[in-house]
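Trainee: Here it is, the structure, as structure tokens.
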Amino acid sequence: MNLPIYMDNASTTRTDPRVVEAMLPYFTETYGNSASRNHAFGWAAEKGVELAREQAASLIGAGPKEIVWTSGATESNNLAIKGAAQMYAKAPMGETGRGHIVTCIIEHKAVLDPCKRLEREGFDVTWLEPGADGVVTAEMVAGALREDTILVSIMWANNEIGTINDIPGIGAVCRERGVVFHTDATQWVGKMPTDVEKDNVDLMSWSGHKIYGPGGVGALYVRRRRPRVRLQAQIDGGGHERGMRSGTLNVPGIVGFGAACAICSEEMETERERLLALRLKLENELKSRMDVVEVNGHADRRLPHLTNISFGFVEGESLMMGIKDIACSSGSACTSASLEPSYVLKGLGLGDELAHSSLRLSLGRWSTEEEVDYAIDAIHKAVEHLRALSPLYDLHNEGIDITKIEWQTH
Amino acid sequence: MAYSEKVIDHYQNPRNVGAFGSSSEVKDRKDVGVGIVGAPECGDVMQLQIKVDDDGKIEDAKFKCFGCGSAIASSSLATEWIKGKSVDEALEIKNTRIVEELALPPVKIHCSVLAEDSIRTAIEDYKKKNGQVVDSAHGHDHSHAH
Ligand SMILES: Cc1ncc(COP(=O)(O)O)c(C=O)c1O
Ligand code: FES
């Protein structure tokens, strides 16, 4: 086993060497511009891009013409949300009452910020609050829809806590009401079976670097039939990607994205079972060794490979310092540049203490049981070390409820 | 962010961890001053207890800290520095000296402020218990970002 151990796969993944292998010729041999229609270099590049489009489409049950290449999930989200809002707006720019959008407070910033911008630009936004389990249900969305709702954007799985929303159910509600439905599936696609037909999805974003592909390349699924969804382009230029996203394509990146999708299609089933067993071992072992250990978010509706655990009375950054051989992340304020705790954990409404004491561990294709065992021991040791230093753990052991104390806040 | 060696050393081998008793046990002890600053919802709580001898000298100090590594190091260092000092000398310790000693980056300055606050609060508690005047005008800038 090599140290340090990588347990931050929700942040980014190692590019699969098979993906790199597939990409390499497109840098130095097949380096044409896929838009060059009149020579062999262009044709060869185009062939690579179109194979990738088929591989991406096949992973999600879509047609190749429904895939738009982007620079990543951030861009896909921006194109889907702003592009749909502008296309289906009920009033022109500069006026209010341009239409209603439904999203959720624990979405990724790449959804929240485009929605906030649209709110400033005359759209109304409903910000759904999930319950303490972090799950957005079809009923919540149905309850928020209005006559003038034009777009719903709800992520498939949450990047911090790994909870899974009821996407097929939400999609069905939207379909019935004729509302365009976008899902940010960055943490979901490639890890879990996806079928845009059965799951009633109209627009879907995902990113190469989360599925063992390269960074800086993403895809947006745009439904073409039943119903056809139209978008206003956000990047104008040479009219690439059927006018939806101009710019010379990142051919090696796209080829890598396609190869990554193909590997996921092939290996997802065995991979998710293997990772689920490892994650359950990690969670159960930590919970059995220590008291006041909480897995955040819904108990069962969660991604196989990701866990978010709060270790009561221990601050997250100091915990990460104690397990410096394990690359992971925390929702603690001390780890963030803004010194604010995770808005996702805060959004569950369970109090900020939970966020400060949290650790997100996300397993991936190369995670081993040996690494998980190492992590369990290391985390156990670090939590014990820090609890021996924690004034809050003392209070807890004296039977005092720390939330009832009047603290001298700054 | 990389930590300085001194922060890592205090984190791994914190000095003077503990307390002279639980909060209820030391509440009425005149020789012990207690300072608890910060709040769990801000992600940092520092507890400093000082034991003062008849001559007003801090003979012993103990800390506990819930906070980042820099906060733990700041409070650990604070206990080392105040031991053997008179309470008035201890009040002279400024957070900037902690920042220098531990080479804390700008985002971690507030962790040192917390340590300075805990020293002052513990001494104020000791003075109050002993009927001494507490100089509350400490003119301190609470530039705490949490
Ligand atoms: C749910 C979710 N959406 C969007 C993104 C943004 O992806 P990218 O950085 O590839 O644009 C991420 C990655 O951090 C994510 O986890
Ligand atoms: S206690 Fe939060 S950054 Fe130090």
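The values are calculated or read from the model by the stated rules, or taken from the named source; none is laboratory data. Values in this document were obtained by computation on a predicted structure and should not be read as measured data. We place every Cβ from the backbone using ideal geometry, glycine too, and count neighbours over all the protein chains shown. In case anyone asks, the SASA skips ligands and DNA or RNA and just uses the protein heavy atoms, side chains included. Shrake-Rupley method; radii C 1.70, N 1.55, O 1.52, S 1.80 Å.
Trainee: Do we have A:GLU340 as surrounded by fewer than 17 Cβ atoms within 10 Å (Cβ to Cβ) and either over 22 Å from B:LYS64 (Cα atoms) or more than 10 Å from every other protein chain (Cβ to nearest Cβ) (or both) here?
Mentor: yes
Trainee: Let me ask something additional. Does A:SER329 satisfy the condition of being more than 12 Å from every other protein chain (Cβ to nearest Cβ) and closer than 19 Å to B:SER70 by Cα?
Mentor: Yes.
Trainee: If I filter region B:43-73 down to residues being under 10 Å from the mean Cα position of the chain (by Cα) and away from every other protein chain (no Cβ under 12 Å), which single residue comes out as nearest to ligand 2 (Cβ to nearest atom)?
Mentor: B:ALA61
Trainee: Inside region B:19-39, can you point out the residues that are more than 10 Å from every other protein chain (Cβ to nearest Cβ) and touching a helix residue (DSSP H, G or I) at 6+ places or on another chain (Cβ under 7 Å)?
Mentor: B:PHE20, B:LYS30, B:VAL32, B:GLY33, B:VAL34
Here is a yes/no grid of residues against (1) surrounded by fewer than 15 Cβ atoms within 10 Å (Cβ to Cβ); (2) at pLDDT 95 or above; (3) aromatic (Phe, Trp, Tyr); (4) under 21 Å from B:PRO40 (Cα atoms):
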position	(1), (2), (3), (4)
A:TRP366	yes, yes, yes, no
A:GLU371	no, yes, no, no
A:TYR374	no, yes, yes, no
A:VAL383	no, yes, no, yes
A:ARG387	no, yes, no, yes
A:ASP401	yes, no, no, yes
A:THR409	yes, no, no, yes
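Trainee: Shifting gears a bit: Hey, can you tell me all the residues within region A:283-317 that are more than 30 Å from B:LYS108 (Cβ to Cβ) and assigned to a helix (DSSP H, G or I)?
Mentor: Once the filter is applied, which keeps residues that are more than 30 Å from B:LYS108 (Cβ to Cβ) and assigned to a helix (DSSP H, G or I), region A:283-317 yields A:GLU283, A:ASN284, A:GLU285, A:LYS287, A:SER288, A:ARG289.
Trainee: Among B:ALA71, B:ALA39, which is open to solvent by less than 10 Å² (accessible area, probe 1.4 Å), at pLDDT 95 or above and within 21 Å of A:PRO341 (Cα to Cα)?
Mentor: Residue meeting the stated conditions: B:ALA71.
Trainee: Scan region B:30-51 and report the pairs whose first residue is more than 20 Å from A:LEU386 (Cα to Cα) and whose second residue is within 14 Å of ligand 2 (Cβ to nearest atom), with Cβ atoms within less than 9 Å and a gap of 6+ or a chain change.
Mentor: Filtered contacts from region B:30-51: B:VAL34/B:GLN47.
Trainee: Do you know which residues across region A:360-400 are assigned to a loop (DSSP other than H, G, I, E, B) and within 11 Å of chain B (Cβ to nearest Cβ)?
Mentor: Across region A:360-400, the qualifying residues are A:ALA388, A:LEU389, A:SER390, A:GLU398, A:GLY399, A:ILE400.
Trainee: Which of the residues belonging to region A:67-91 are of a type in the set (A, V, I, L, M, F, W, C) and farther than 18 Å from A:LEU249 by Cα? It would help to see each step written out before you state the result.
Mentor: Of all residues in region A:67-91, those of a type in the set (A, V, I, L, M, F, W, C) come to A:67-69, A:73, A:79-81, A:84-85, A:87, A:89, A:91.
Passing the criteria: A:ALA80, A:ILE81, A:ALA84, A:ALA85, A:MET87, A:ALA89, A:ALA91.
Trainee: Oh, and also: Confirm whether A:GLU317 is within 16 Å of ligand 2 (Cβ to nearest atom), without any contact (Cβ under 8 Å) to a residue 40 or more places away in the chain, charged (D, E, K, R) and open to solvent by less than 20 Å² (accessible area, probe 1.4 Å).
Mentor: Here the answer is yes, as A:GLU317 does meet what is asked.
Trainee: So for region A:349-359 (the condition being away from every other protein chain (no Cβ under 12 Å) and under 25 Å from the mean Cα position of the chain (by Cα)), does at least one residue qualify? It would help to see each step written out before you state the result.
Mentor: First pass over region A:349-359, keeping only residues away from every other protein chain (no Cβ under 12 Å): A:349, A:359.
With the extra rule that they be under 25 Å from the mean Cα position of the chain (by Cα), the set shrinks to A:349, A:359.
Yes, region A:349-359 has at least one match.
Trainee: Output the residues belonging to region B:111-132 that are under 19 Å from B:CYS65 (Cα atoms) and either more than 16 Å from ligand 2 (Cβ to nearest atom) or in contact with a strand residue (DSSP E or B) (Cβ under 8 Å, 6 or more places away or on another chain) (or both). Walk me through it before giving the result.
Mentor: The first filter runs over region B:111-132 and keeps only residues under 19 Å from B:CYS65 (Cα atoms), leaving B:111-123, B:125.
Correct list: B:CYS111, B:LEU114, B:ALA115, B:ASP117, B:SER118, B:ILE119, B:ARG120, B:THR121, B:ALA122, B:ILE123, B:ASP125.
Trainee: Which of the residues spanning region A:22-39 are assigned to a helix (DSSP H, G or I), open to solvent by 80 Å² or more (accessible area, probe 1.4 Å) and touching a residue at least 40 places away in the same chain (Cβ under 8 Å)? Break it down into steps so the answer makes sense when it comes.
Mentor: Of all residues in region A:22-39, those assigned to a helix (DSSP H, G or I) come to A:22-23, A:25-28.
The next check asks that each one be open to solvent by 80 Å² or more (accessible area, probe 1.4 Å); those that pass are A:27-28.
Answer for region A:22-39, where residues must be assigned to a helix (DSSP H, G or I), open to solvent by 80 Å² or more (accessible area, probe 1.4 Å) and touching a residue at least 40 places away in the same chain (Cβ under 8 Å): just A:PHE27.
Trainee: A further question follows. Kindly list the number of the only condition in (1) under 22 Å from B:LYS128 (Cα atoms); (2) in a strand (DSSP E or B); (3) at pLDDT 95 or above that fails for B:PHE20.
Mentor: (2)
Trainee: Go through (1) open to solvent by 10 Å² or more (accessible area, probe 1.4 Å); (2) free of Cβ contacts under 8 Å to residues at least 24 places away in the same chain; (3) over 21 Å from A:CYS334 (Cβ atoms); (4) more than 10 Å from every other protein chain (Cβ to nearest Cβ) one by one and return the number of the condition B:ASN16 breaks.
Mentor: Only one criterion in (1) open to solvent by 10 Å² or more (accessible area, probe 1.4 Å); (2) free of Cβ contacts under 8 Å to residues at least 24 places away in the same chain; (3) over 21 Å from A:CYS334 (Cβ atoms); (4) more than 10 Å from every other protein chain (Cβ to nearest Cβ) is unmet by B:ASN16, namely (2).
Trainee: Still on this structure, please answer the following. Picking from A:GLY322, A:GLY247, A:GLY239, A:GLY312, which residue would you name as being free of Cβ contacts under 8 Å to residues at least 12 places away in the same chain and surrounded by fewer than 24 Cβ atoms within 10 Å (Cβ to Cβ)?
Mentor: Every option except A:GLY239 fails the conditions.
Trainee: A further question follows. Out of A:GLY48, A:GLY99, A:GLY83, report the one residue that is surrounded by 16 or more Cβ atoms within 10 Å (Cβ to Cβ) and on the phi > 0 side of the Ramachandran plot.
Mentor: A:GLY99 is the lone residue from the list that is surrounded by 16 or more Cβ atoms within 10 Å (Cβ to Cβ) and on the phi > 0 side of the Ramachandran plot.
Trainee: I need the full set of residues from region A:55-81 which are within 15 Å of ligand 1 (Cβ to nearest atom) and either in contact with a helix residue (DSSP H, G or I) (Cβ under 8 Å, 6 or more places away or on another chain) or within 14 Å of chain B (Cβ to nearest Cβ) (or both), in order please.
Mentor: Across region A:55-81, the qualifying residues are A:ALA56, A:VAL68, A:TRP69, A:THR70, A:GLY72, A:ALA73, A:THR74, A:ASN77, A:ASN78, A:ILE81.
Trainee: Among the residues of region A:27-38, are any more than 16 Å from ligand 2 (Cβ to nearest atom) and under 24 Å from A:GLU267 (Cα atoms)?
Mentor: No, because not a single residue in region A:27-38 is more than 16 Å from ligand 2 (Cβ to nearest atom) and under 24 Å from A:GLU267 (Cα atoms).
Trainee: Given the criteria away from ligand 2 (no atom under 16 Å from the Cβ), open to solvent by less than 30 Å² (accessible area, probe 1.4 Å) and in a helix (DSSP H, G or I), does A:LEU280 qualify?
Mentor: It is false that A:LEU280 is away from ligand 2 (no atom under 16 Å from the Cβ), open to solvent by less than 30 Å² (accessible area, probe 1.4 Å) and in a helix (DSSP H, G or I).
Trainee: Oh, and also: Show the residue pairs meeting these rules: Cβ distance below 6 Å; 6+ apart or different chains; first residue within region B:88-116 and free of Cβ contacts under 8 Å to residues at least 24 places away in the same chain; second residue open to solvent by less than 20 Å² (accessible area, probe 1.4 Å) and more than 12 Å from ligand 2 (Cβ to nearest atom).
Mentor: Short answer, once both residue conditions are applied: B:ASN95/B:GLU116.
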